[in-house]
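The values are calculated or read from the model by the stated rules, or taken from the named source; none is laboratory data. Remember, it's a predicted structure, so these values are computed and weren't measured experimentally. Glycine gets a Cβ as well: all are built from the backbone with ideal geometry, and neighbour counts include every protein chain shown. Surface areas here come from the heavy atoms of the whole protein model, side chains and all, with no ligands, DNA or RNA. Shrake-Rupley method; radii C 1.70, N 1.55, O 1.52, S 1.80 Å.
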Protein chains: 2
Amino acid sequence: MSVPELFLGIDIGGNHVKMGFVDSGGTLHDFQSYPTAEWRATGNFTQRLVETIAFKLINHKDVKKVGIGLPGTITKDRKIPIEITAIPELNGVPLWAILTDALPHIKFFLENDANAAALGELYYGMPPHPDDFVFITLGTGIGSAAIMHRKLFIGGDGNGMELGHIVSRNHKKLEQNTGKQGVLDLGAELLAKWTGPTVIARDQPISATRMVVAAEHGDEFSRSVFYQIGEMIGEGIVACVRILDIKEIIIGGGLSASFDYVMPGIMNICQFYLTPYYLQKLTIKKATLGNDAGLLGAASLCHQETNH
Amino acid sequence: MSVPELFLGIDIGGNHVKMGFVDSGGTLHDFQSYPTAEWRATGNFTQRLVETIAFKLINHKDVKKVGIGLPGTITKDRKIPIEITAIPELNGVPLWAILTDALPHIKFFLENDANAAALGELYYGMPPHPDDFVFITLGTGIGSAAIMHRKLFIGGDGNGMELGHIVSRNHKKLEQNTGKQGVLDLGAELLAKWTGPTVIARDQPISATRMVVAAEHGDEFSRSVFYQIGEMIGEGIVACVRILDIKEIIIGGGLSASFDYVMPGIMNICQFYLTPYYLQKLTIKKATLGNDAGLLGAASLCHQETNH
């Protein structure tokens, strides 16, 4: 495009609603964060959202598009949140219609937050940007999304790529085993059996961050925890690769600091279950967008032709 | 379309190459089967295929489209087989170009056989035909395919939906656990521990067909084998449903005679791992095309606008 556009990105999360303007180069301006709980406490979260957007846009008459990432499922036409566990009063609210009625000169794009983050990686992440990739966020839960032929893959009814909810080991969902709690549970279980030396204290609650730092310093116990977590993430990646035939995997999220220590387990599983057709092209790398991935992702929704 | 068209369908398998003309109502005419081994023994499988097609078409000048199902992977442009385990001399052969050069007035459509069978179910199966469904064939291996928005879903690089190759229990692939050999292995393992009555003989090799018949007659041992097989198939279905957000599952293939006995295990797993968003619409039913599914599927490829 010849004239650089400015988009408003909004990342609605369980703890904060983050807003900021994003230019075509992916630079964030006028960042602001609002406590989700305060908006919920007013009894009208949607109204607070509309008002804050209107206020933000007063000084930005040039902004014509607003992208919003939501932490949950959404109707196939991308107009109505279905199940937003963290903010259930949004469930079934005709959010797109309310926003468009209130601000008719603005084009709104609603999307699941993991999908938005994947699109953000495509538009604002570090090149090269493959046409097809699976994006996985490791954090409290496991989020995932896929870009196929440079477009968001949303599946049949609009809410595909719930990788964290496929079946994993021990009759648990993948995100129960490999999310933050899964790391802590496995850490505690293995520590009780660990007989070698480790810098992890046995008389204190385990911390995931502490284990990442310990792994960096060569702690064998911490590395063995992340190795097993990696194997389970690897099993999820095999499912994605086999079902979607996408061979580029990008890993982001808070727990992606453990990337170097989950990778051996991931690769062991991939090499065991995948054939040369997949392995020759298989690339697993770390996401390039950091803390602002959610917000940049929300803004990147505005690059789409239509709101699906 | 106003003028009914006749298509030539060709189902290339490890044992037989099956050919037949299929009319717009899905009725098969002039069926013929050729032993794959004999064609391979000539040293030029491709040439035998071209000649047989040419011969078939002499008396059918009205046929302008030929659909071919192949038992393996294929390039994204649907022109060159990549890995056909049963007929490896086809790997890398520019099959579409050879066929089109030899018979330039004919439009050829090549496709993976499980994909073709799914498309056959869409065009010739018993209505209602949902716009989105996952098709699973239970047999020696596990084949699968997905129809999304009434089109074949082929994934990023063209060979998605290899459900039989995702990770299943005990460090095995799903098709190792739930294909014919998996049924026999689990049957033998459980029989050794089974203390109750059963009509299955303990001093003879187990037969999958025998167990299906026994299950029909209420044999608790056989039912418990299929229940566990069903649970593992169910785990694969959960992966498909969560990744693709498709809620209609159609099950075909030789082992689908066990449908009624794998269903309780499948449903147990689905109800445990899926939320109401999925379960409200989840439908699992038996394929309606029988023995001719492969051939009808191959012919149904001709309904597509282009060969991808």
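Each residue of segment A:273-288 is assigned a 3J(HN,Hα), and the resulting list reads 9, 9, 8, x, 3, 8, 5, 4, 10, 4, 10, 10, 9, 7, 4, 9 Hz, derived from the Karplus form 6.51 cos²θ - 1.76 cosθ + 1.60 (θ = phi - 60°), x at Gly and Pro. With both labels modelled 7 Å from their Cα along Cα-to-Cβ, the residue B:129 to residue B:16 distance reads 2.5 nm. In this structure, residue A:103 and residue A:28 have a Cβ-Cβ separation that, at R0 = 25 Å, corresponds to a calculated FRET efficiency of about 0.70. Averaged over its residues, chain A has an accessible area of 42 Å² per residue, based on protein heavy atoms and a 1.4 Å probe. Taking amide H positions as modeled 1.01 Å from N, with prolines and chain starts lacking one, the residues under 5 Å from residue A:135 and 5 or more places away or on another chain are A:145, A:146, A:147, A:250. For residue A:77 and residue A:171, what is the calculated FRET efficiency with R₀ set at 35 Å and r taken between the beta-carbons, to the nearest 0.05? For residue A:77 and residue A:171, the calculated efficiency is 0.50. Starting from the label point of residue B:35 at 7 Å along Cα→Cβ, the same points in the other copies fall at 8.1 nm, in ascending order. Expressed in units of 2.2 N^0.38 Å, where N is the residue count, the Cα radius of gyration of segment A:158-214 is 1.38.
Phi angles of segment A:56-64 translate, via the Karplus equation with coefficients 6.51, -1.76, 1.60 and θ = phi - 60°, into HN-Hα couplings of 4, 7, 3, 8, 9, 5, 6, 7, 10 Hz per residue; Gly and Pro are given as x. Relative to the longest principal axis of the Cα atoms of chain A, the long axis of helix A:220-244 makes an angle of roughly 60 degrees. In this assembly, the B-A interface accounts for approximately 3100 Å² of buried accessible surface in total, computed with a 1.4 Å probe and without ligands, DNA or RNA.
The spacing between segment B:121-142 and segment B:227-254, judged by their C-alpha centroids, is 12 Å.
Across segment A:87-102, computed HN-Hα scalar couplings (Karplus, 6.51 cos²θ - 1.76 cosθ + 1.60, θ = phi - 60°) run 9, x, 5, 7, 4, x, 6, x, 4, 4, 5, 4, 5, 5, 5, 6 Hz from first to last residue, x flagging Gly and Pro. Sorted shortest first, the separations between the residue B:277 label point and its copies elsewhere in the assembly read 3.1 nm; each point sits 7 Å from Cα along the Cα-to-Cβ line. The Kirkwood hydrodynamic radius of segment B:231-308, based on inverse pair distances between different Cα atoms, is 14.1 Å.
Taking 2.2 N^0.38 Å as the expected size of a compact globular protein, what ratio does the Cα radius of gyration of chain B give against it, to two decimals?
Ratio of Rg to 2.2 N^0.38 Å for chain B: 1.05.
For segment A:149-255, the gyration tensor built on C-alpha atoms gives a prolate shape. Its axis ratio a/c (a ≥ b ≥ c) is at least 1.5, and a/b is the larger of a/b and b/c.
Counting only DSSP beta bridges with both residues in the protein assembly as shown, the antiparallel share comes to about 55 percent. Considering only A:228, A:176, A:204, the Gaussian network model of chain A with Cα springs below 10 Å gives its largest mean-square fluctuation to A:204. Sorted from shortest to longest, the distances between the residue B:6 label points of this copy and the other copies are 6.9 nm, with each point 7 Å from Cα along the line through the beta carbon. For the residues A:167, A:262, A:212, a GNM of chain A with alpha-carbon springs under 10 Å puts the largest fluctuation on A:167.
What is the calculated FRET efficiency for residue A:185 to residue A:281, with r their C-beta to C-beta distance and R₀ = 30 Å, to the nearest 0.05?
0.30
Under 5 Å between amide hydrogens, built in the peptide plane, is the criterion, and for residue A:287 it picks out A:251, A:252 among residues at least 5 positions away or on other chains. GNM remark for chain B: springs join alpha carbons under 10 Å apart, and the peak mean-square fluctuation among B:44, B:15, B:170 falls on B:170. Between amide H atoms placed 1.01 Å from N, distances below 5 Å from residue B:140 occur with B:180, all of them 5 or more places distant or on a separate chain.
With viscosity 1.002 mPa s and temperature 20 °C, the Kirkwood radius over alpha carbon pairs of segment A:62-152 converts through Stokes-Einstein to a diffusion coefficient of 150 µm²/s. Counting only DSSP beta bridges with both residues in chain B, the antiparallel share comes to about 55 percent.
Note on the protein assembly as shown: Cα-only Rg and Dmax are 26.6, 85 Å.
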